[in-house]
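J.: To start, I am sharing the structure in question, which I have written as structure tokens.
A short reminder: the numbers here are calculations on the coordinates, not readings from a lab. On a predicted model such as this, the values are computed, not experimentally measured, just so you know. FYI the Cβ positions are ideal-geometry reconstructions off the backbone, even for glycines, and counts take in every protein chain you see.
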Amino acid sequence: MKKMIAAAMSAALAVSMISGMAYAEEATEAATEAAAENTDAYKDEDMSAYKVDGMSIGVSFGQNVHPFFKAMQKGIEDACADYGIEKISIQSADSSLEKQVTQIENLTTSGITSLLVNPYDSEGVSVAVQDAINAGVSVFSMDISISGAEPTYHVASDNKKIGELLAQKLDEELGGEGKIAILVEPSVSSLKDRQAGFEGYIKDNTGIEIVAEQLGAIERTDALEAAETVLQAHSDIQAFVGINENSAMGIASAIQSAGLSDQGIIVTGVDSTEDVMNGIKDGYIAYGVAQNPYQMGYMSVQDAIKVYNGEEVDPVIQLDCEYMTADNIDYYIEREAAYNE
């Protein structure tokens, strides 16, 4: 894999605003203000009426070595500590479907009351999850949903909205017109939703032309190769959209390798990971959208407590996301450092 030279790239083009971009500007300001205030409103909910005696939670991560999942795990652990849940078992499948299925089976037979799952394979875990449900265990999926088992509860970001947020701010930056490219991966449901949200907004609300839509958003090496292919054919684009961490970093590397750093191509990303945040701070990623995996974990425990107490909760909870920009990136860097201590 080609090494990315850590040089600052030019960020946004100097363009004037048009009247239709007011929403995006207000959303950016609101996100910056919310980040600066560090509000955790979901923690303010009064949970004192709920009982946790006899409650036990099992957790299975498809993999948890990534900071995203470490933050989610900390959210789970903090919620259990805050609400007095002492019986908790957290396990990781290390990117193995077989291992995760076995974990779920073992957690079920151990007598847990609630199961929190970040599935490695949405369909692959369905039989084990259904067996858990049939045994009286309440199941909550986090970030990635479970297919073929019901009833389950799901907490995740609104991925379609993530795509729309990327598009709204790009519309603002480009003044409603220009040529752009995007890396996609429709085989992954979250990335497919982001693509749909992004392209839907662009096509319905702007004069921006998507001149290239290339597969390669999952692995960073694939993203680099895909972005290089796009840039060879479309070196005159004004923006190159990454819809996750690896696509953003692959694009940034390809721009550097192609000698286009001075061209001012706007690069976007998603997730408050170290690489994306450093890219925004150093200027070679213009902006990104941050999810909050800590909140996903914390709220999953809150929902588990409610269901344990016989309360109906929404089967799907979609969490809001926020812009990361040069103006507020220090907040996100500090937040993620705290989540991953």
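J.: What's the angle, to the nearest 10 degrees (0 to 90), between helix 67-83's Cα axis and the longest principal axis of the chain?
T.: 40
J.: Also, quick follow-up: Lysines within cross-link reach of K281: Cα-Cα under 21 Å, excluding same-chain residues under 8 positions apart?
T.: Filter leaves K3, K169.
J.: To continue, here is another question. In terms of the Cα gyration tensor, with a ≥ b ≥ c the square roots of its eigenvalues, is the range 208-263 rounded because a/c is under 1.5, prolate because a/b exceeds b/c, or oblate? Could you put the intermediate results ahead of the total?
T.: Working: a/c = 1.62, a/b = 1.22, b/c = 1.33.
Judged from the Cα gyration tensor, the range 208-263 comes out oblate (a/c at least 1.5, b/c at or above a/b).
J.: Let me ask another. How much of the calculated P(r) for the range 67-219 lies past 22 Å, in percent of all Cα pairs?
T.: On the way: 6063 of 11628 pairs.
Value for the range 67-219 (Cα pairs over 22 Å): 52 percent.
J.: Now a separate question. A233 to Q263: FRET efficiency via 1/(1 + (r/R0)^6), r the Cβ-Cβ distance, R0 22 Å, to the nearest 0.05? Let's see the in-between values first.
T.: On the way: r = 15 Å, r/R0 = 0.68.
Here the calculated transfer efficiency is 0.90.
J.: Oh, and also: What does the extension gain come out to for V316 and D44, with contour length at 0.36 nm per residue minus their alpha carbon separation?
T.: That works out to 95.9 nm of additional length.
J.: Another one. Just to check I understand the Karplus step: with θ = phi - 60° and J = 6.51 cos²θ - 1.76 cosθ + 1.60, what whole-Hz values come out for the range 160-169, glycine and proline as x?
T.: 5, 5, 4, x, 5, 5, 4, 5, 4, 6
J.: Take every DSSP beta bridge with both residues inside the chain and express the antiparallel ones as a percent of the total, to the nearest 5.
T.: Values: 3 of 42 bridges.
Just about 5 percent of them are antiparallel.
J.: Is the shape of the range 159-289 rounded, prolate or oblate, going by the alpha carbon gyration tensor and its root eigenvalues a ≥ b ≥ c, with a/c under 1.5 for rounded and a/b larger than b/c for prolate?
T.: Working: a/c = 1.27, a/b = 1.11, b/c = 1.15.
In terms of gyration-tensor shape, rounded.
J.: Say the dipole of the range 145-214 comes from +1 at the beta carbon of Lys and Arg and -1 at that of Asp and Glu; which of F198, P151, G163 then lies farthest toward its positive end?
T.: P151
J.: Would you mind checking the tilt of helix 245-257 against the longest principal axis of the Cα atoms of the chain, expressed as 0 to 90 degrees and rounded to 10?
T.: Its long axis makes an angle of about 20 degrees.
J.: What distance in nm separates the two pseudo spin-label positions at V211 and Y83, each 7 Å out from Cα along the beta-carbon direction?
T.: About 5.2 nm separates the two model spin labels.
J.: Please enumerate, by chain and number, the lysines with C-alpha under 30 Å from the C-alpha of K306, excluding those fewer than 8 residues away in the same chain.
T.: Partners found: K43, K51, K70, K74, K87, K99, K160, K161.
J.: Taking amide hydrogens as modeled 1.01 Å from N in the peptide plane, which residues meet the under 5 Å criterion relative to M324, leaving out close sequence neighbours?
T.: G288, V289, A290
J.: Now for a separate question. With a cut-off of at most 12 other beta carbons within 10 Å, and DSSP calling the residue loop, which GluC sites (Glu not before Pro) in the range 105-207 qualify? Please list them.
T.: Values: sites: E105, E123, E164, E172, E173, E177, E199; in loops: E123.
Qualifying residues, ordered by number: E123.
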